[in-house]
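This report refers to the structure that appears directly beneath it.
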Amino acid sequence: MTKLSINSERMRADFDALAQFGSTGDGGVQRPSLSETHLAARRWLREQIEKVGMEFRIDGAGNHSAFLKSPNYQLPITKTLLVGSHTDSVPYGGRFDGALGVVAALEVLRVLKENNIELSMNLEAMDFTDEEGTLVGLLGSSAVGGHLRAEHLQKPRGGRDAFEAGLARAGLTEQGMLSVERPARSLAGYLELHIEQGNRLINAQKNIGIVTAIVGIMAYRLKFIGRADHAGTTSMQDRRDAGQGASAFTLAAREIVLKDFPRCVANVGKMEFAPGGFNIVPASVVVSLEFRAPSDDEIVQLDHALIERAKLEAERFNLGLEIEFLGKHSPTPMSQVAQKAFADACDELGLSHMPLVSGAGHDAQSLAHLCPVGMIFVPSVNGASHSPREFTEWCDCVNGANVLLQAALRMAGGAA
Ligand code: HGY
Ligand code: MN
Ligand code: MN
């Protein structure tokens, strides 16, 4: 039996078509979750699923999927192996992040269907809602994993208004979001192909990264509160300048990580000054803080260190401080079973591989408590991501999709 492999041209056509939705013209995409461009991309995805006769599914969280039924489907519980990723992007992001994993997952199911491969379980290719957190973060996969709580939707990190507008555009409800948990016994596993979004594979000249763990992520909105004053007539000593406290904290956060948390990262991705005039001492500054760590101990200690420093800097500049906790995704080890399936697939295909910890968050961390989950990375040129500079050579994309296909066959008990 000839070895199954993906159809590179067909997957390339899908990839290029998907990249048109929200294209920013410079190689990037603007496709925030549940935006018009994202909904258009999902309508396109549904067409691709249905035109090859696969069952299209959508759940209460808006997760889109192609479902390939096992011949044993009528059994009491036929398990389903999930493969997939996400079609939403960060603002002005790259066209590979998430999208590659979705078109590869669709291609895997098409290959299995057109070759009439009978597996001992169902296969489902997923496009999870709001992986990137422009609304909530890992929203669709957290809903499937049963982590999502009503309170997570009250103060979403993308803002309540944006969340409600997204729900309305997509015809979704909060109640629907909270009703899509899948029982562990129904899932055989989850496998995801993703770009590395870093430069370790390129530097090591390896074809495939096999993810061993995904970092934990925490986010806060920190509001430094001072007093608006005339920028010309108020002495420097008399000011309660929220900009000073926010800026001092931001610089201190970097020093804390560099000095005491070498395996971690922290990021201030946004500062919102109010009222925001040239000639007004800032009355308040809202700082969007996110930090990541490979272990729970480190993320707990870093959380404490950063919040205590925020309080110190607020006091130093005679400011108030409002601390809004926006959520935590725990550090997550990947399944040994999935890692072995990927490694065996790489070896069979003659592809080099290396173990990697993921510094990016992924939907897989939402499902790890339910079933064996695993991820593979393919090289990112110059390590660029979350930017129109994001790029992966097509041959690497094809390698990744073929490894995903062979690993899925292994996990689903099909012929290798
Ligand atoms: O932010 C992340 O780590 C991922 O790209 N959502
Ligand atoms: Mn991603
Ligand atoms: Mn991303």
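Brief remarks follow.
- Enumeration of residues in segment 270-285 that are part of a strand (DSSP E or B), of a type outside the set (Val, Ile, Thr) and under 13 Å from residue 230 (Cβ atoms): none
- The set of residues in segment 286-327 being under 14 Å from residue 222 (Cβ atoms), in a strand (DSSP E or B) and within 27 Å of the chain's Cα centre (by Cα) consists of 286, 287, 288, 289, 290, 291, 323, 324, 325, 326.
- Filtering 214, 210 for residues that are under 19 Å from the mean Cα position of the chain (by Cα), more than 16 Å from ligand 1 (Cβ to nearest atom), among the β-branched types (Val, Ile, Thr) and closer than 29 Å to residue 106 by Cβ leaves a single hit, 210.
- The residue that is surrounded by the most Cβ atoms within 10 Å (Cβ to Cβ), among those in segment 361-398 that are of a type in the set (A, V, I, L, M) and within 17 Å of residue 202 (Cα to Cα), is 376.
- Per-region count, segment 79-135, residues within 11 Å of ligand 3 (Cβ to nearest atom) and β-branched (Val, Ile, Thr): 2
- Considering residues of segment 271-293 that are under 26 Å from residue 357 (Cβ atoms) and away from ligand 2 (no atom under 16 Å from the Cβ) only, the residue most open to solvent (accessible area, probe 1.4 Å): 288
For every residue, the table says whether it meets (1) within 16 Å of ligand 1 (Cβ to nearest atom); (2) farther than 29 Å from residue 377 by Cα; (3) among the polar types (S, T, N, Q).
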position: 206; (1), (2), (3): no, no, no
position: 222; (1), (2), (3): no, yes, no
position: 231; (1), (2), (3): no, yes, no
position: 239; (1), (2), (3): no, yes, no
position: 261; (1), (2), (3): no, no, no
position: 266; (1), (2), (3): yes, no, no
position: 288; (1), (2), (3): yes, no, yes
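- Exclusive hit being in the same structural domain as residue 360 (by TED's automatic domain parsing) and more than 23 Å from the chain's Cα centre (by Cα), set 238, 344: 344
The values are calculated or read from the model by the stated rules, or taken from the named source; none is laboratory data. Fair warning: this is a prediction, and the values are worked out from it, not measured in the lab. Virtual Cβ from ideal backbone geometry, glycine too; neighbours counted across all protein chains shown. Please note that ligands, DNA and RNA were not included when accessible areas were found on the heavy atoms of the full protein model with its side chains. Shrake-Rupley method; radii C 1.70, N 1.55, O 1.52, S 1.80 Å.
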